[in-house]
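The values are calculated or read from the model by the stated rules, or taken from the named source; none is laboratory data. Because the structure is a prediction, the values reported are computed rather than measured. Don't worry about glycine lacking a Cβ; one is built from the backbone with ideal geometry, like all the others, and counts go over all protein chains shown. Ligands, DNA and RNA are stripped out before the accessible areas are found, and what is left, the full protein with its side chains, is counted by its heavy atoms. Shrake-Rupley method; radii C 1.70, N 1.55, O 1.52, S 1.80 Å.
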Amino acid sequence: MAPSCAVGFVAPDGSRLTAAHGEPEDAFFDLASVTKPMTALAVVESGLDPARPLVDFLPELAGTAAAPVPIELLLAHRAGLRATYPICAPLVAGGDVDPARALATLANARRPDAIGPCPPEGFAPLYSDAGYVLAGEALARFVGARDAGEAIEQLVVRPLELGSALGTARGLEAEGIALIARAAPTEVVSWRGGTIRGRVHDETAWALTREGGSGHAGMFGTADAVLRFGADVLARLDARTLPEWVLRERPGGTLRAGFDGKSPEGSSAGTRIGPRAFGHLGFTGTSLWIDPDAQVVLVVLTNRVHPTRDHVAIRIARPWIHDALFELAVSGRSRS
């Protein structure tokens with residue numbers, strides 16, 4: 001499935017358990033799109049009004065297709081944007097990327113089927129990194145951070161006292177973490193000098209924020225740290241302090257604003273976790289799932305992209321692993 005993995009769960013009684021293979025239990029993994037829920041939580045904590053349009057925070061994007069789109073719809077994948085855009089192409093060719101021009105390109109990456117002004121409920125959903133890049137930049141500008149990764153560290157990581165276990169490469173190294181030695185390696189990429197280790201795997205995040213973090217990718221963490229983040233989300237939901245817009249079910253699919261819901265059939269979350277569960281996957285082979293009814297959090301971190309992203313056996317393995325973790329979490333056997 002992958003050279004290395006770390007898994008864990010939060011049980012209904014609040015206890016946490018982790019285990020690892022191929023790396024120590026406290027190894028760091030590139031979380032990839034598991035960054036997205038953290039971006040959404042940072043937006044909540046920032047006080048930014050998600051109903052305000054992108055242009056309010058990034059006025060230089062006035063006139064682009066995404067300028068009038070509310071931040072909430074960018075986070076909910078309903079801004080009518082393409083899934084992604086190859087802004088890293090100049091790097092592959094040995095050149096440079098102009099971040100300002102790249103953001104404008106992403107803001108204009110409207111899908112051909114998304115015609116006219118953005119409706120109040122948004123366009124038909126399409127999973128989009130571009131929307132999160134833009135929302136993350138708006139968040140960073142709003143709180144005065146260098147990038148979305150720093151905003152997440154300020155608003156989410158530090159309040160949970162996870163600064164030495166969750167963060168961007170830049171932030172963790174400032175905490176004294178030798179990330180290049182302690183992070184599981186990801187892909188071998190010739191134009192980036194070989195094996196990527198301790199630096200974000202995602203090409204767009206690398207092009208825009210390097211050792212920092214973007215709205216869609218850039219965070220590194222241990223299994224226990226991601227479990228603690230998931231437990232915090234669950235606690236917010238139980239206490240009814242999580243705004244409705246974050247987890248509200250929306251028409252046209254399972255995508256929410258920061259998370260994904262469980263698909264009714266063939267879900268990578270497995271068969272044991274409940275129908276109201278929500279979570280997120282990451283391209284590098286990571287996942288976070290939260291079941292509010294069972295009071296369970298599941299985390300699977302792998303480096304399935306090492307040495308190549310063509311290694312896709314995790315698609316088969318994920319449901320089995322989630323089922324096994326869920327069974328352990330609710331059975332109490334792991335704590336006997």
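Data overview
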read-out	value
Selection from region 244-262 of residues that are out of contact with any strand residue (DSSP E or B) (no Cβ under 9 Å at 6 or more places or on another chain) and open to solvent by 40 Å² or more (accessible area, probe 1.4 Å)	GLU244, ARG248, PRO251, GLY252
Pair list, Cβ under 8 Å, 6 or more apart: region 238-251 residue closer than 25 Å to LEU126 by Cβ, other residue surrounded by fewer than 18 Cβ atoms within 10 Å (Cβ to Cβ)	LEU242/ARG236; LEU247/LEU237; ARG250/GLU121; PRO251/GLU121
Every pair of residues 6+ apart whose Cβ atoms lie under 9 Å, when the first sits in region 78-96 and is more than 11 Å from GLU203 (Cα to Cα) while the second is crowded, with 17+ Cβ neighbours inside 10 Å and among the basic types (Lys, Arg)	ARG78/ARG250; ALA79/ARG110; GLY80/ARG110; LEU81/ARG110; ARG82/ARG110
Residue check for GLY163: surrounded by fewer than 20 Cβ atoms within 10 Å (Cβ to Cβ), part of a loop (DSSP other than H, G, I, E, B) and either under 19 Å from the mean Cα position of the chain (by Cα) or at pLDDT 95 or above (or both)	yes
Sole residue being assigned to a loop (DSSP other than H, G, I, E, B), in contact with a strand residue (DSSP E or B) (Cβ under 7 Å, 6 or more places away or on another chain) and not aromatic (Phe, Trp, Tyr), chosen from ARG197, ARG146	ARG197
Residues (open to solvent by 40 Å² or more (accessible area, probe 1.4 Å), among the small types (Gly, Ala, Ser) and closer than 24 Å to GLN154 by Cα) located in region 36-62	GLY47, ALA51
In region 99-143, residue surrounded by the fewest Cβ atoms within 10 Å (Cβ to Cβ) [restricted to those that are assigned to a loop (DSSP other than H, G, I, E, B) and either of a type in the set (A, V, I, L, M) or at positive phi (or both)]	GLY116
Pick from region 263-297, criterion of a type in the set (A, V, I, L, M) and touching a helix residue (DSSP H, G or I) at 6+ places or on another chain (Cβ under 8 Å), ranking: surrounded by the fewest Cβ atoms within 10 Å (Cβ to Cβ)	ALA294
Residue under evaluation ILE115, criteria (1) without any contact (Cβ under 8 Å) to a residue 40 or more places away in the chain; (2) under 29 Å from GLY221 (Cα atoms), criterion not met	(2)
Number of the condition not met by THR302 [criteria: (1) of a type in the set (Ser, Thr, Tyr); (2) without any contact (Cβ under 8 Å) to a residue 60 or more places away in the chain; (3) closer than 22 Å to ALA165 by Cβ]	(2)
Whichever residue in region 1-35 is open to solvent by 40 Å² or more (accessible area, probe 1.4 Å) and assigned to a strand (DSSP E or B) and, among such residues, is farthest from GLU187 (Cα to Cα)	ARG16
